[in-house]
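Input: a single structure, listed below in structure tokens.
The values are calculated or read from the model by the stated rules, or taken from the named source; none is laboratory data. Worth saying up front: this structure is predicted, and the values here are computed from it rather than measured. Please note: Cβ atoms are built from the backbone with ideal geometry, for glycine as well, and neighbour counts cover all protein chains shown. Surface accessibility is based on the protein's heavy atoms, side chains included, excluding ligands, DNA and RNA. Shrake-Rupley method; radii C 1.70, N 1.55, O 1.52, S 1.80 Å.
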Amino acid sequence: MTVTWEELGWERVAEGVGRCRLPGWDCTAGLVLGPGAVLMVDAGSSLAEGARLRTEAQALAGRRVTHLALTHPHFDHVFGTPAFAGTDLYAAAGAEAVFARDREALRLDAVRNGLPAPEAEEAADALPLPRRPVSGERALDLGGGRRALLADVGPGHTSHDLAVLVPGDPPVVFCGDLVEESGDPQAGPDAVPSRWPAALDRLLSLGGDDALYVPGHGAVVDAAFVRAQRDALAARFGVS
């Protein structure tokens, strides 16, 4: 027997689409339910958080998670990935090279930001490589007419930013950290500021004016918010 979104502290965004705001860094994890498959968007910041998300997602869906899409290769969104063994793992093309090459950098960033060192080391060591890279767009059939579109819309926040569109009324777009609501967008050493506004233009084209946009951190926003953040980033980085 399945439970409701509210019973587990999740937010229902649209029919069959929800998200959880995780403690600590206020990261979003998303869930898209289909009669034939279940898509998770991002995996949390540790193995324990990933295990919690897996358990709650299975309770909400009544079946195991079959697909996991990672929006970008930062520890707070990917270190829970090893808890989803057996799922089809998607990320923007090139992210698999970051996972293979930069595990130590991810671990150090996690510790710097407050994840206990043993948890960071455990997650970094166990982090699997995404075996289904997305270049351009890739559609997922979740059964019963439910579809999700994975789109490589970056670079911007990182060199490998993936967005997830769930068509519907309204459409829902999971933005990763291309969009942040609970604070200013963060541009770290792997950001590509000169191309971030263009990534948000692609995001807006993907969802349209009527979509709900789920940021990587913070409350669900509308297209006007994304457009305003795009203009603010363009002014901040001196690009059009």
**Item:** Low-density loop cleavage sites - trypsin sites (Lys or Arg not before Pro) in segment 125-233, where at most 16 other Cβ are within 10 Å (DSSP)
**Value:** Arg131
**Item:** From phi via Karplus (6.51, -1.76, 1.60), per-residue ³J(HN,Hα) for segment 214-221 in Hz, x at Gly/Pro
**Value:** 9, x, x, 9, x, 6, 4, 10
**Convex hull of the chain built on C-alpha atoms - directionally averaged projected area, nm²** = 11.6 nm²
**Request:** Over the chain, calculate the relative contact order: mean separation of alpha carbon pairs under 8 Å at least 6 apart, over the residue count, as a percent.
**Result:** 16 percent
**Asked** Which GluC sites (Glu not before Pro) does segment 1-109 hold that lie in a coil by DSSP with at most 16 other beta carbons within 10 Å?
**Response** Glu15
**Of all accessible heavy-atom area on the chain, the percent that carbon and sulfur account for (1.4 Å)** = 49 percent
**Asked** Can you put Asp210, Asp76 in order of accessible area, largest first, using a 1.4 Å probe?
**Response** Asp210, Asp76
**Request:** Could you work out how far apart the two model spin labels at Arg195 and Phe237 are, taking each label as a point 7 Å from the Cα in the direction of the beta carbon, and quote it in nm?
**Result:** 1.0 nm
**Prompt:** So for segment 4-87, what percent of the C-alpha to C-alpha distances run longer than 14 Å?
**Reply:** 56 percent
**Item:** Within a Gaussian network of the chain (alpha carbon springs, distance under 10 Å), most fluctuating of Ala228, Ala43, Ala126
**Value:** Ala228
**Message:** With n ≥ 4 as the cut-off for DSSP H runs, can you work out [θ] at 222 nm for the chain, using -39500 (n - 2.57) per run divided by the number of residues, rounded to the nearest 500?
**Reply:** -9000 deg cm²/dmol
